[in-house]
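Engineer: Take this structure, written in structure tokens, and hold onto it; I'll ask about it next.
The values are calculated or read from the model by the stated rules, or taken from the named source; none is laboratory data. Not measured: the values here are computed from a predicted model. Counting neighbours? That spans all protein chains shown, and the Cβs are built from the backbone with ideal geometry, glycine included. SASA here: full protein model, heavy atoms, side chains in, ligands and nucleic acids out. Shrake-Rupley method; radii C 1.70, N 1.55, O 1.52, S 1.80 Å.
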Amino acid sequence: MEYRDVVIIGGGPAGLAAALSARRNGVEDILIIERDERLGGILNQCIHNGFGLHTFKEELTGPEYAGRYINMAEAEGIPYKLNTMVTSVTPGREVTYINPSEGEVTVKAGAVILAMGCRERPRGALNVPGSRPAGIYTAGTAQRLINIEGLSVGRKVVILGSGDIGLIMARRLTWEGAEVKVVAELMPYSGGLKRNIVQCLDDFGIPLKLSHTVVRIHGKERVTGVTIAQVDAGRKPVPGTEEYYECDTLLLSCGLLPENELTSSAGIGINRVTGGAFVNDRLETSAEGIFACGNVLHVHDLVDYVSEEAELAGLSAAEFVKRGKEACAEHGEALCLKAGEGIRYTIPNTVDPVNMADKVTVRFRVSDVYRDKQLVILYGGKEHRRIKKRIMSPGEMEQVTIGKDTIPEGISDITIRVED
Amino acid sequence: MTTELTCIRCPLGCALKVEVNGGSVSVTGNSCPRGAEYGAKEVTAPVRVVTGSVRVDGGDMPLVSVKTLSDVPKDMTGQVIEAIKRCRVMAPVSTGDVLIVDAAGTGADIVATRDVKSRS
């Protein structure tokens, strides 16, 4: 069986940054496996700007951000396979892929980095009643059709869900000459970044109806309209609030789901909150030597943080490969990182106080919109630090740094929670 | 006159208060100089970066993504979009290639944001 030091599944922003980091940390033998016909992943269709402010200190479009990483990977001579689909990963790090020229091949990897990204929640998972006419797209599908294929999706559009892709598409469709009538959001807050609400809805006077949802899709061959109703605190439609919108297109921007079929079939533990693997402070999953980063681990709103996270996965994979089989036993007693009151989840899930890096970045999302609250970090139940926050919202990922030298001995967990 | 707006220069989305008193403009609520610059500009002369796609003939992709190399006045974005829609180019195209000079008289050039190779 062919052997590779580091095999990276997915050639999007996470896979590319992980590969570059593994190379910079001394790994020669790397393979990126990408199922699309080009590298860059979803950034290829994100033609709007706003990427890279943290990484490159300038505002780039998606293809430019991807292009820089692709160029760096090419300059480093990092091998990759396109049009190649991974069909299985084993806990023993055997990766099987298929493509038209080689058929089915299994490679043994010193370390595996999972960087498969995520996909959109489809209509079937939303239980929207009505017939099944043409004209219903997930926002990302519409984005691909318009920005990559050069097709048009419709003239009169209603968008369900205020995720970032839906907001971006509201502006794109308006620029393309379509009329975006309304964006309906089930939750009482938007799932998108504030700047996207400003730039993509406010700029064009597109109404955002919070606590509203589509209760019926009309039309037989093609969508002819949708009925939108207000929902109560239990997210149930309120009778009498129904409003009919004539439209030929309904876009769904209702959340992204990490694509972890490979991960779960390898028997790796999956966090039900994120839909991604449980990881330690090295971003290593429950399977030794298999690491995860980017949207397959948890859905990010900024690619800059995907790159940063992937760099850690690349470094960890490189260290794992270099360490070989020795030294693995040196693990300290892992501390559990707990999502307390007001926190939905944290990444990582455990921290090894002995072998951790000097500083570990903990990324997390809050479970509601919080104004003028405080983030509290507790070491073994005792308050360690308190951070004032003007605003936190579930749509914007938060992060705190935990310093190795601040962790006292003898504790078993670290908790992050929201307090008044 | 005071205007409240959300800064869009970065993901922080600071809540800005912009006060215009005759000729002087003061911005509060920003966490960086870019925010102050944005707030003042957004109230006195709002600008946007416009992105879009240009048709490519003979390329390995039908479209090349583009952007305005500099900001354009907000009320000119429609004309810039129209100029982008009318444009058609031949492959190959490289990132940074200027496809339209001075789009819609805004002074902003339209540049390619990706490579499109010739169809082999």
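Engineer: Under 5 Å between amide hydrogens, which residues at least 5 positions from residue A:385 or on another chain qualify, with H placed 1.01 Å from N in the peptide plane?
Structural biologist: A:377
Engineer: Then there is this: If you take every DSSP beta bridge whose two residues both sit in chain A, what share of them, in percent to the nearest 5, is antiparallel?
Structural biologist: 60 percent
Engineer: Over the stretch B:51-112, what is the percentage of antiparallel beta bridges among all DSSP beta bridges, to the nearest 5?
Structural biologist: 75 percent
Engineer: Residues of the stretch B:51-112: accessible area per residue at 1.4 Å, in Å²?
Structural biologist: In whole numbers, the stretch B:51-112 has 43 Å² accessible per residue.
Engineer: In the stretch A:136-152, what residues drop by 40 Å² or more of accessible area when the other protein chains are put back, versus the chain on its own? Use 1.4 Å, and skip ligands and nucleic acids.
Structural biologist: Checking the loss per residue gives A:148, A:150.
Engineer: Could you identify which residue out of A:389, A:322, A:181 has the top mean-square fluctuation in a GNM of chain A using Cα springs shorter than 10 Å?
Structural biologist: Sorting by GNM fluctuation, first place goes to A:389.
Engineer: In degrees from 0 to 90, rounded to the nearest 10, what is the angle of the helix A:303-323 Cα long axis to the longest principal axis of chain A?
Structural biologist: It works out to around 20 degrees.
Engineer: How many times 2.2 N^0.38 Å is the alpha carbon radius of gyration of the stretch B:51-112?
Structural biologist: Working it through for the stretch B:51-112, the quotient is 1.05.
Engineer: What's the FRET efficiency of residue B:32 with residue A:401 using the Cβ-Cβ distance as r and R₀ = 22 Å, to the nearest 0.05?
Structural biologist: 0.65
Engineer: Taking only C-alpha pairs under 8 Å that are 6+ residues apart, what is the relative contact order of chain A in percent?
Structural biologist: Reported as a whole number, the value is 16 percent.
Engineer: Which residues of the stretch B:89-108 show a drop of at least 10 Å² in accessible area when all protein chains are present, compared with their chain alone (probe radius 1.4 Å, heavy atoms only, ligands and nucleic acids excluded)?
Structural biologist: Relative to the lone chain, where solvent access is computed with a 1.4 Å probe, the stretch B:89-108 loses at least 10 Å² at B:95.
Engineer: So what is the accessible area of chain A per residue, in Å², with the probe set to 1.4 Å?
Structural biologist: 41 Å²
Engineer: Considering amide H positions built from the backbone, and no H for Pro or chain starts, which residues 5 or more places from residue A:118, or on another chain, come under 5 Å of its amide H?
Structural biologist: Counting only residues 5 or more places away or on other chains, the set is A:259.
Engineer: Separate question: Can you give me the accessible area per residue for the stretch B:2-45, using a 1.4 Å probe, in Å²?
Structural biologist: Computed with neighbouring chains in place, this is 53 Å² per residue.
Engineer: Measure off 7 Å from each Cα along the Cα-to-Cβ vector at residue A:387 and residue B:17, then give the distance between these two points in nanometres to one decimal.
Structural biologist: Result for the modelled spin labels: 2.6 nm.
Engineer: Applying the Karplus parametrisation 6.51 cos²θ - 1.76 cosθ + 1.60 with θ = phi - 60° to the phi angles of the stretch A:349-359, what ³J(HN,Hα) value in whole Hz is obtained for each residue in order, glycine and proline being reported as x?
Structural biologist: After applying 6.51 cos²θ - 1.76 cosθ + 1.60, I find 9, 9, 10, 8, x, 8, 9, 5, 5, 4, 10 Hz.
Engineer: Compute the FRET efficiency between residue A:85 and residue A:202 as 1/(1 + (r/R0)^6), taking r as their Cβ-Cβ distance and R0 = 45 Å, and round to the nearest 0.05.
Structural biologist: That gives a FRET efficiency of 0.65.
Engineer: Sticking with this one: Taking amide H atoms as placed 1.01 Å from N in the peptide plane, list the residues 5 or more away in sequence, or in a different chain, whose amide H sits under 5 Å from that of residue A:189.
Structural biologist: Under 5 Å from the amide H of residue A:189 lie the amide H atoms of A:211, each far enough along the sequence or on another chain.
Engineer: Carbon and sulfur atoms: what percent of the 1.4 Å accessible area of the protein assembly as shown do they account for?
Structural biologist: Looking at the protein assembly as shown in its full context, I get 49 percent from C and S.
Engineer: While we're on this one: In sequence order, what are the phi-derived ³J(HN,Hα) couplings for the stretch A:178-195 according to the Karplus relation 6.51 cos²θ - 1.76 cosθ + 1.60 with θ = phi - 60°, rounded to whole Hz, with x for glycine and proline?
Structural biologist: With the stated coefficients, the stretch A:178-195 comes to 7, 9, 8, 7, 6, 10, 9, 10, 4, 7, x, 9, 7, x, x, 5, 4, 5 Hz.
Engineer: Relative to the longest principal axis of chain A, what angle (0 to 90°, nearest 10) does the C-alpha long axis of helix A:164-175 take?
Structural biologist: 50 degrees
Engineer: Within 10 Å, at most 15 other Cβ atoms, and a DSSP state outside H, G, I, E, B define an exposed site. Report the longest part of chain B free of exposed trypsin sites (Lys or Arg not before Pro).
Structural biologist: Result for the longest clean stretch: B:1-116.
Engineer: May I pose another question? For the stretch A:35-65, which chymotrypsin sites (Phe, Trp or Tyr not before Pro) are in a loop by DSSP, counting at most 16 other Cβ atoms within 10 Å?
Structural biologist: Sparse-neighbourhood loop chymotrypsin sites (Phe, Trp or Tyr not before Pro): A:56.
Engineer: In addition: Before anything else, pin down the relative contact order of chain B: Cα pairs under 8 Å, at least 6 apart, normalised by residue count, whole percent.
Structural biologist: Answer for chain B is 20 percent.
Engineer: While we're here: Which whole-Hz ³J(HN,Hα) couplings does the stretch A:125-141 yield from phi under the Karplus relation 6.51 cos²θ - 1.76 cosθ + 1.60, θ = phi - 60°, glycine and proline marked x?
Structural biologist: Coupling constants for the stretch A:125-141: 8, 9, 6, 7, x, x, 7, 10, x, 5, x, 10, 10, 6, 4, x, 5 Hz.
Engineer: OK, next. Using alpha-carbon positions, what is the distance between the centroids of the stretch A:380-414 and the stretch A:52-111, in Å?
Structural biologist: Here the two parts' Cα centres lie 33 Å apart.
Engineer: With both partners inside chain B, how many of the DSSP beta bridges are antiparallel, as a percent to the nearest 5?
Structural biologist: 90 percent
Engineer: With springs only between Cα atoms under 10 Å apart, run a GNM on chain B and tell me which of B:51, B:68, B:28 wobbles the most.
Structural biologist: B:28
Engineer: Related question: Using r as the Cβ-Cβ distance of residue A:265 and residue A:54, and R0 as 51 Å, what FRET efficiency do you calculate, to the nearest 0.05?
Structural biologist: 0.90
Engineer: Among the GluC sites (Glu not before Pro) in the stretch A:356-420, which ones are in a DSSP loop with at most 13 other Cβ atoms within 10 Å of the Cβ? Mind listing them?
Structural biologist: The qualifying sites are A:409.
Engineer: Which angle from 0 to 90°, rounded to the nearest 10, does the C-alpha axis of helix A:62-75 make with the longest principal axis of chain A?
Structural biologist: 20 degrees
Engineer: In Å², rounded to the nearest 100, what is the total accessible surface buried by chains A and B against each other with a 1.4 Å probe?
Structural biologist: 2400 Å²
Engineer: Anyone know which of B:70, B:24, B:53 comes out most mobile in the 10 Å Cα GNM of chain B?
Structural biologist: Top of the fluctuation ranking is B:24.
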